[in-house]
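A.B. asks: Can you keep this structure in mind? I'll have questions shortly.
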Amino acid sequence: MQVDLDLIWNISLVCPWDCEFCCTDAVQVSKRGNNIIMSSNGYEGSFLPDEQLRLRSVFIKKYPGIKPNKFDLSLLKRIELGLEPTLDSKMKILERFKGYKIKIDFAGGEPLVCYENYLVIKEAARIFGAPRISVTSTGVGVQRYGVSDLANLIGIYEFTYDEPKSVCDNRPLGYNSSNIKVARNFSKAGVKTKAQIPLHAANVKIDRIEKIYKELNEIGATEILLMRLFPVGRGASLSNKGSFPSKEELVVAINKFLELSDEGVTDVRLQCALKHLVERNIPIENPCDMMRKSFGINYQGKLLVSAWGNGENGTPINNDFVLGDLCSESFESIRATEKFDRYYSKLDDNHGHCKVISYLNASDGENGFFENKDPLYLSY
């Protein structure tokens, strides 16, 4: 069956970073003395040297010749605790989409810091073709394999870049500078690069926009994706911190980015949740692609109506966002459910509105997806 699908797969929560804006709840892995520490909103854990030796032995037995890092050991521990699926389960998820025309963006956490996730990405490239695979990663993840290796596995390298490289107002130290350095190397290798820019109160200022665009244009970034800042995942706590720009600020920022792209080499595209804000980009068709072709897969293997359906602890906001479990169900069987049909029949009910934002602003359960509740578009 040839069906166009765009999947965003948060393949693991394991991550080197602790970004406040995290749209899931990435589990930061760090060392404290001889201990490995795992921390997030939803999980706190650590393991001592003896446990590290045991996990290292388990890993080396599975993958002779591969030196495990602290992220590999952390993922293995989380799998043993039943917090994330096994490698076999992740491979089965890929198998469930054979025969479909799909694109997969592997995200996280940081998908590339763990060797097992690299194996899943490699297998996805074999099954579906490298041009249909993208990875949203950071400089830390890419270092392990190198650009030349990964360039053969992906069609697009995606990275977050919502501040100039010299600024660390909202991101950990080194986050932006390492991201753009690696993106430059992918660009030199002939790989398409996409900078994801969630628009927030700090980066909608004209001087920030000019710096961000200039830096991305200089490295030859293929595309900028301007995105909504979603109050989901760990970012749900930002709702009371003045992080969300007004509609007027968003319009000014988007128009400025578009104006700069008219003169530069880096194109600017708008995420579906922003497409009705500026005249030159308003589409005739409903821009929201939720369930038309776009789905999220979370770190547990659950199929979500949207990749933005994560609560403050990383798990789904609630069951309204969950369509099924790909670890135990085929995509065909999930598509055949009454819940899937019920949602699918209403996708045009709130044309132009972001369905996730609408839901978060409604109060009557699943019907909230399909109500005119997106604050940016209440005049529609």
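Values in this text are rule-based calculations from the coordinates and carry no lab data. Note that the structure is a prediction, hence the values are computed from the model and not measured. Quick reminder, even Gly has a Cβ in these numbers, built from the backbone with ideal geometry, and neighbours come from all protein chains shown.
A.B. asks: Provide the three semi-axes, in whole Å and in decreasing order, of the ellipsoid equivalent to the range 148-251 as defined by the square roots of 5 times the Cα gyration tensor eigenvalues.
C.D. replies: Each semi-axis is the square root of five times an eigenvalue, giving 26, 15, 13 Å.
A.B. asks: Considering Cα pairs under 8 angstrom that are at least six residues apart, work out the relative contact order of the chain and quote it in whole percent.
C.D. replies: 17
A.B. asks: Note down the magnitude of the dipole of the range 224-380 about its Cα centre, charges +1 on Lys and Arg C-beta and -1 on Asp and Glu C-beta and zero elsewhere, to the nearest 20 debye.
C.D. replies: 240
A.B. asks: Through the Karplus equation 6.51 cos²θ - 1.76 cosθ + 1.60, θ set to phi - 60°, convert the phi angles of the range 342-350 into ³J(HN,Hα) values in whole Hz; use x for Gly and Pro.
C.D. replies: For the range 342-350, the Karplus-derived couplings read 4, 5, 4, 6, 10, 4, 9, 5, 10 Hz, x marking Gly and Pro.
A.B. asks: Moving on. Can you compute the charge dipole magnitude of the range 239-316 about its Cα centre, using +1 on each Lys and Arg Cβ and -1 on each Asp and Glu Cβ, nothing else charged? Give it in debye, rounded to the nearest 20.
C.D. replies: In total the dipole reaches around 380 debye.
A.B. asks: A follow-up question, please. Give me the dipole magnitude in Debye, nearest 20, for the chain about the Cα centre, with unit charges on the beta carbon: positive for Lys and Arg, negative for Asp and Glu.
C.D. replies: About 1220 debye.
A.B. asks: So, one more: Is the shape of the range 30-117 rounded, prolate or oblate, going by the alpha carbon gyration tensor and its root eigenvalues a ≥ b ≥ c, with a/c under 1.5 for rounded and a/b larger than b/c for prolate?
C.D. replies: Prolate shape, in that a/c is at least 1.5 and a/b is the bigger ratio.
A.B. asks: Turning to a different aspect of this structure: Based on C-alpha coordinates, I'd like the Rg and Dmax of the range 273-380, in Å.
C.D. replies: 14.1, 45
A.B. asks: Which aspartates and glutamates does Lys165 reach when only Cα atoms under 15 Å apart count, and residues fewer than 8 places away in its own chain are ignored?
C.D. replies: Asp207, Glu210, Glu215, Glu218
A.B. asks: Sticking with this one: Separation of the range 179-206 and the range 304-380 by C-alpha centroid, Å?
C.D. replies: First find each Cα centre; the distance between them is then 29 Å.
A.B. asks: What is the diffusion coefficient of the range 69-138 in µm²/s, taking the Kirkwood radius over Cα pairs and the Stokes-Einstein relation at 20 °C with a viscosity of 1.002 mPa s?
C.D. replies: 169
A.B. asks: Starting at the first residue of the range 133-141, write each ³J(HN,Hα) from the Karplus equation 6.51 cos²θ - 1.76 cosθ + 1.60 with θ = phi - 60°, in whole Hz, x for Gly and Pro.
C.D. replies: Values per residue, Gly and Pro as x: 10, 10, 10, 9, 9, 10, x, 5, x Hz.
A.B. asks: To continue, here is another question. Which of Leu53, Asn367, Ile334 sits closest to the plus end of the dipole of the chain, meaning its Cα is farthest towards the positive end, when Lys and Arg get +1 and Asp and Glu get -1 on the C-beta?
C.D. replies: It is Leu53, whose Cα lies furthest towards the positive end.
A.B. asks: Same structure again: Could you rank the peptides 78-87, 108-117, 264-273 by their average count of other C-beta atoms within 10 Å per residue, with the highest value first?
C.D. replies: 108-117, 264-273, 78-87
A.B. asks: Show me the ranking of peptides 121-132, 14-25 by mean Cβ neighbours inside 10 Å, starting with the highest.
C.D. replies: Listed from highest to lowest mean packing, they are 14-25, 121-132.
A.B. asks: Determine the relative contact order of the range 232-380: mean sequence separation of Cα pairs under 8 Å and six or more apart, normalised by residue count, in whole percent.
C.D. replies: 20
A.B. asks: Another one. Give me the distance in nm between label points sitting 7 Å out from Cα along the Cα-to-Cβ direction at Ser46 and Glu248, one decimal.
C.D. replies: Result for the modelled spin labels: 5.0 nm.
A.B. asks: Can you compute the helix-only [θ] at 222 nm over the chain? Use -39500 (n - 2.57) per DSSP H run of at least 4 residues, normalise by all residues, nearest 500 deg cm²/dmol.
C.D. replies: The helix contribution divided over the chain gives -9000 deg cm²/dmol.
A.B. asks: With no solvent and one point on each alpha carbon, what is the Debye value of log10 I(q)/I(0) for the range 181-302 at q = 0.10, 0.15, 0.20, 0.21 Å⁻¹?
C.D. replies: -0.36, -0.81, -1.24, -1.29
A.B. asks: Hey, with R₀ at 25 Å, roughly what FRET efficiency would Val265 and Gln143 work out to, going by the Cβ-Cβ distance, to 0.05?
C.D. replies: After rounding to 0.05, the efficiency reads 0.40.
A.B. asks: Place +1 on the Cβ of every Lys and Arg and -1 on the Cβ of every Asp and Glu in the chain, take the dipole about the Cα centre, and give the residue among Asn318, Trp308, Leu5 whose Cα lies farthest towards its positive end.
C.D. replies: Highest projection toward the positive end goes to Leu5.
A.B. asks: Non-local amide H neighbours of Gln196 (under 5 Å, H modeled in plane, Pro and chain starts lacking H): which ones?
C.D. replies: Excluding prolines and chain starts, which carry no amide H, the hits are Phe159, Thr160, Tyr161, Leu225.
A.B. asks: Quickly work out the Leu119-to-Asp348 label distance, labels modelled 7 Å from Cα along the C-beta direction, and quote it in nm with one decimal.
C.D. replies: If labels sit at Asp348 and Leu119, their model points lie 4.6 nm apart.
A.B. asks: Using every alpha carbon pair in the range 155-215, what percent of pairs falls into each 5 Å bin from 0 up to the bin containing the largest distance?
C.D. replies: 4, 19, 29, 26, 14, 7, 1
A.B. asks: Right, something else. Show me the ranking of peptides 295-303, 363-371 by mean Cβ neighbours inside 10 Å, starting with the highest.
C.D. replies: Highest-to-lowest ranking by the protection proxy: 295-303, 363-371.
A.B. asks: What translational D, rounded to a whole number of µm²/s, comes out for the range 1-147 from Stokes-Einstein when the hydrodynamic radius is the Kirkwood one over Cα pairs, at 10 °C and 1.306 mPa s?
C.D. replies: Reported coefficient: 99 µm²/s.
A.B. asks: I want to check the label-to-label distance for Glu332 and Ile60. Put each point 7 Å from Cα in the C-beta direction and report it in nm to one decimal.
C.D. replies: Going from the Glu332 label point to the Ile60 one covers 4.5 nm.
A.B. asks: Calculate one ³J(HN,Hα) per residue across the range 158-166 by plugging θ = phi - 60° into the Karplus curve 6.51 cos²θ - 1.76 cosθ + 1.60, and present them in order as whole Hz with x for glycine and proline.
C.D. replies: Calculated HN-Hα couplings, in order: 10, 8, 7, 8, 10, 9, x, 4, 8 Hz.
A.B. asks: To make sure I understand the rule: partners must be lysines, Cα under 24 Å from the Cα of Lys92, and not fewer than 8 residues away in the same chain. Which ones qualify?
C.D. replies: Lys61, Lys62, Lys77, Lys101, Lys103, Lys122, Lys293, Lys302, Lys339
A.B. asks: Over the residues of the range 1-46, compute the C-alpha Rg and express it relative to 2.2 N^0.38 Å.
C.D. replies: This ratio for the range 1-46 stands at 1.59.
A.B. asks: Any idea what % of Cα-Cα pairs in the chain are farther than 31 Å?
C.D. replies: Counting pairs separated by more than 31 Å, the tail of P(r) holds 34 percent.
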